[in-house]
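Visitor: First the structure, which I've put down as structure tokens, then a few questions once you've had a look.
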Amino acid sequence: MKKYNPKDIEPKWQKYWDENGTYVANLDSDKEKYYGFAMFNYPSGAGIHLGHAKNFTIPDILMRFKRQQGYESYSPVGFDSFGLPAENYAIKTGQSPRVTTDEALESYRNQYRQMGWSMDWTKEIDTSKADYYKWTQWCFLQLYNDGLAYQKESLQWWCDIDKSVLSDEQVIAGKCWRHDGDDDPLVSKKSLRQWFFKITDYADEILEATDALNWTPWVKTAQKNWIGRSEGTVATFKLDGLGADNEHLDVFTTAIETIYGVTFMVLAPEHPLVAQYGQHADNAQDVDEYVLHAMRKSDIDREKEKVKTGVPIEGLFAINPVNGEKIPVWIADYVLMGYGSGAIMAVPGQDERDYEFAQKYDLPIVYTTDKNEFVSYGPEIKPDRTKFAMANSGEFNGQNLEEARQNIVAKLEKDGTGEAKVTYKVRDWLISRQRYWGAPIPIVHCDACGVVPVPEDKLPVELPEIENYQPPGDGRSPLANAPEWVQTSCPKCGGEAQRETDTMDGYVCSSWYQMRYLSPHDDTQAWDPKRAEQWMPVKFYNGGDHATAHLLYARFFTRFFNKKGLVPDPEPFQQMYFHAKILAEDGTFFSKSKGNGIDPLEIIESGYGADALRTYISFMAPPDVESPWNSDGLPSCYRFINRAWTLVQEFNETDGSVEEGQDKEILQATHKAIEKVTTDIEAIKYNTAIAAMMTLVNDLHKIKEDDTYASPAWQFALESLVQLMAPFAPHAAEELWRDLGHGDSIHISHWPELDEQYLVQDTMTLAVQVNGKVRAEIEVAADAEEEAIKQEALSQENVQAHLDGKEPKKVIYVQNRLVSVVV
RNA sequence: GCGGAUGUGGUGGAAUUGGUAGACACGCUAGUCUUAGGAACUAGUGCCGCAAGGCGUGAAGGUUCAAGUCCUUUCAUCCGCACCA
């Protein structure tokens, strides 16, 4: 008998599928379309790991299923290949990122194929190739033309030794990643002029659309948190002293009703008024020191700070717009420049944080409600606000908080000292990177014309090959090391001009690739809007990372291009599925440092094959449940495939003798499996789909225990089984399909058709409960009358015993389930 | 602190949404066979008990003929956000 050997059949069919274009999608097909994929990879030198295996197997199963169902199923493939690791490697070795990336890509292509993923390789994209980033630059220009791309000074981490910009992940415990010794200096912040995308313009509509999405629920919550909308009031306080008499200070608060309790003001250390008036303060030196100290701390470090610190700006006061009270102004780093206006009115009587600060620095505390509870902490909490009465608040005393809030806002608006306002946590998207290995920003700086966008017909602005990947030391990217590239002529006036040397954040590249996949080789446009009309939004998008930024940015781009009429839907991903991680056998996370990783390729090559690996990854738990790897689990899936294999081989070796006696049983088992597997794949519950197939295999083995079957029913059962298995174990299924006499690929065959008549049983087994406890089981005809069933139930010996001579008060029959007798 | 979720055998996990808890696997026990293997096959396996029976879904209450599922309280764990004004 032919043995199951994945090492033989897997490479064979991989080659066949490639050569026959089995998975090549016709993007202009008339068929109903199904478009799905997983977040693409950064091709690192290390190759794929178990997480990648899961990431791409999840959509692959669904896409294969849809293909069999007759959809034009498009599984695109691509690589997010710009990024820091290749650049860091280049700095270290001088080897071009282009070269190392290409090497990594070649290896990835092989590994993807070995996993048996049904990707359409004829449409592969690579974000670091000019034919892709040309259109990333085009996207930039569209945003620029609509005023959604702009330049602004912004602070960047800076290493004084390298004279180079650092990304967040290159700052480790406040020091540069390459200079983190005890004697090395802390990193500092340097102000650079950088490019931003105005995503805040879209914050509201993205937020509003979030609830309706068919996305993993917590991802939606994360999106909403990230946007962080809160409704409140901006109040204007006039300043007094230190020559600031004509200045005013705007603060944002969600609890304006506490304004009578303001006993001090707090500015973030970066607040512009600090730089302006701090030097005039009586304690100018303290102010200076405090600001310097705070600026050196990263935001993360600041948040870790348990004890609040601050200094007053002595001599500077603010005037409370509601009662004219003169209150001191402080600086403290518990106030963040990035939120609201970077300044707060502190109400220690009603706010926990302000209370803590006031306690420490001995500042006065005024309560503005009749109950001394904190009310302004967070926009979400709503202690029944109508139950609090205002106190110490002048004309508003006695009103409940809700009334007072409205009345105070009205008063401020009338006086011109405040207004209702909505703020967001999300800030504009900083896309400038002072890096080499990214898409150049298509902008030219002309001495005469200023900032000039590169005309669309001059795209791409190609990334030049350079000699030295070390940053030049002036805050510009290594592209500044290529003067002949930087030096150019102005597209407007033709005069001397310099190219922008910043490149774009990698997230820009991945914000629109779902559209590029539809026109991967089009050199006349970023994508064909007619194709987008047919294919967008993406039906199924899987990922196990990037729950916030990437998805938010992709939504921003899609909304923008939707308004331009280039995509049919404002949302990019109809369904977003966020899978959970596979854990190590001990329940901890896999990590490079622990070296406890499991190499998918090793598993395949050890003889278990990709099919068993794919099946086990899908079987171990529902994909969205974190579950530890169990090395004994893999063999169990191999065994399952092998048992199916045996059924087919034995069938092939029979002499054709027909046993029809158990056809009905065979068909019932088969259709039950068809139904279960179909609904479970649709619901991404692969674990129970596989369990149903295992049950079918077990059933078929049992049925044939004594005889060898060769009936048409038996053949239908085997063919259906193999077709059901095809999305999970595509190689073995293909081989078995051919063994069953088919000339064409199983993957473009069809999905087994369900015949519901076989789901109905002739008889059914009902449980009989007496006072809620099961006391007997009865077997009755499926179409038996309710009365007859009840009689049958009551006549059971054990039921009678538990009735103990009493008359049942009630007998309940639940259809197809049980009979419940109440005494 | 706020928000979201989850607690089921020795293990991963099932459970038609209120209807026989533990599907399917792993592991374990016993057995069969043998070109002795990390093979295949068969049977058993929630707990206590020889059995009858009893007990069982983190804990405690409640609703119901019937609760893993609904309600209340509570404990634990995980995740997201977090000095967001």
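Visitor: Would the stretch A:581-594 turn up any residue that is assigned to a strand (DSSP E or B), at pLDDT below 95 and farther than 27 Å from A:W13 by Cα?
Guide: Yes, some residue in the stretch A:581-594 is assigned to a strand (DSSP E or B), at pLDDT below 95 and farther than 27 Å from A:W13 by Cα.
Visitor: Next question. Filter the stretch A:692-711 down to residues that are more than 11 Å from RNA strand B (Cβ to nearest atom), surrounded by fewer than 16 Cβ atoms within 10 Å (Cβ to Cβ) and in contact (Cβ under 8 Å) with a residue 24 or more places away in the chain, then give me how many there are.
Guide: Qualifying residue count for the region: 2.
Visitor: Condition first: farther than 17 Å from A:Y517 by Cα and over 25 Å from the mean Cα position of the chain (by Cα). Now tell me which residues in the stretch A:114-127 satisfy that.
Guide: Answer for the stretch A:114-127, where residues must be farther than 17 Å from A:Y517 by Cα and over 25 Å from the mean Cα position of the chain (by Cα): just A:Q114.
Visitor: Another question, then. If A:R639 satisfies every condition in (1) more than 11 Å from RNA strand B (Cβ to nearest atom); (2) part of a helix (DSSP H, G or I); (3) charged (D, E, K, R) but one, which is the exception?
Guide: For A:R639, the exception is condition (1).
Visitor: Scan (1) in contact (Cβ under 8 Å) with a residue 12 or more places away in the chain; (2) among the small types (G, A, S); (3) part of a helix (DSSP H, G or I) for the single condition A:S606 breaks and write down its number.
Guide: Every condition holds for A:S606 apart from (1).
Visitor: Identify the residue in the stretch A:247-256 that is part of a strand (DSSP E or B), within 16 Å of RNA strand B (Cβ to nearest atom) and not charged (D, E, K, R) and, among all such residues, is farthest from A:V347 (Cα to Cα).
Guide: Checking each candidate, the answer is A:L249.
Rundown of residues vs (1) hydrophobic (A, V, I, L, M, F, W, C); (2) part of a helix (DSSP H, G or I); (3) surrounded by fewer than 22 Cβ atoms within 10 Å (Cβ to Cβ), yes/no style:
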| residue | (1), (2), (3) |
| --- | --- |
| A:I9 | yes, yes, yes |
| A:L27 | yes, no, yes |
| A:F37 | yes, no, no |
| A:G45 | no, no, yes |
| A:K54 | no, yes, no |
| A:A90 | yes, yes, no |
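Quick grid of which residues meet (1) part of a loop (DSSP other than H, G, I, E, B); (2) at pLDDT 95 or above; (3) within 17 Å of A:V262 (Cα to Cα):
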| residue | (1), (2), (3) |
| --- | --- |
| A:I300 | no, no, no |
| A:K308 | yes, no, no |
| A:P328 | no, yes, yes |
| A:V335 | yes, no, yes |
| A:Y339 | yes, no, no |
| A:G349 | yes, no, yes |
| A:D354 | no, no, yes |
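Visitor: Tell me the residue from A:I466, A:I408 that is of a type in the set (V, I, T), part of a loop (DSSP other than H, G, I, E, B) and more than 31 Å from the chain's Cα centre (by Cα), please.
Guide: Unique residue meeting the criteria: A:I466.
Visitor: Further question on the same structure: Scanning the stretch A:229-243 for residues that are within 16 Å of RNA strand B (Cβ to nearest atom) and not hydroxyl-bearing (S, T, Y), which turns out surrounded by the fewest Cβ atoms within 10 Å (Cβ to Cβ)?
Guide: Among them, the one singled out is A:E231.
Visitor: Quick one: A:A781 ticks every box in (1) under 23 Å from A:D762 (Cβ atoms); (2) free of Cβ contacts under 8 Å to residues at least 40 places away in the same chain; (3) within 12 Å of RNA strand B (Cβ to nearest atom); (4) not charged (D, E, K, R) bar one, so which box is it?
Guide: Going through (1) under 23 Å from A:D762 (Cβ atoms); (2) free of Cβ contacts under 8 Å to residues at least 40 places away in the same chain; (3) within 12 Å of RNA strand B (Cβ to nearest atom); (4) not charged (D, E, K, R) one by one, A:A781 breaks only (3).
Visitor: For the stretch A:283-298, what are the residues that are within 14 Å of RNA strand B (Cβ to nearest atom) and modelled with pLDDT of 90 or more?
Guide: Matches in the stretch A:283-298: A:Y290 only.
Visitor: Follow-up. Of everything in the stretch A:539-577, what is surrounded by fewer than 22 Cβ atoms within 10 Å (Cβ to Cβ), more than 12 Å from A:M515 (Cβ to Cβ) and of a type in the set (S, T, N, Q)? Give them in sequence order.
Guide: A:T548, A:Q574, A:Q575
Visitor: Ok, one more. Which of the following residues is β-branched (V, I, T), in contact (Cβ under 8 Å) with a residue 40 or more places away in the chain and in a loop (DSSP other than H, G, I, E, B): A:V461, A:V451, A:V422?
Guide: Result of the check over A:V461, A:V451, A:V422: A:V461.
The rows are residues; the columns are (1) within 9 Å of RNA strand B (Cβ to nearest atom); (2) surrounded by 18 or more Cβ atoms within 10 Å (Cβ to Cβ).
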position	(1), (2)
A:E208	no, no
A:P217	yes, no
A:K224	yes, no
A:I227	no, yes
A:D245	no, no
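Visitor: Oh, and also: If A:W645 satisfies every condition in (1) within 9 Å of RNA strand B (Cβ to nearest atom); (2) within 22 Å of A:K12 (Cα to Cα); (3) aromatic (F, W, Y) but one, which is the exception?
Guide: With (1) within 9 Å of RNA strand B (Cβ to nearest atom); (2) within 22 Å of A:K12 (Cα to Cα); (3) aromatic (F, W, Y) applied to A:W645, the lone miss is (1).
The values are calculated or read from the model by the stated rules, or taken from the named source; none is laboratory data. Everything numeric here is computed off the predicted structure, so don't read it as measured data. Cβ coordinates were reconstructed from backbone atoms using ideal geometry, including for glycine residues, and neighbour counts include every protein chain displayed.
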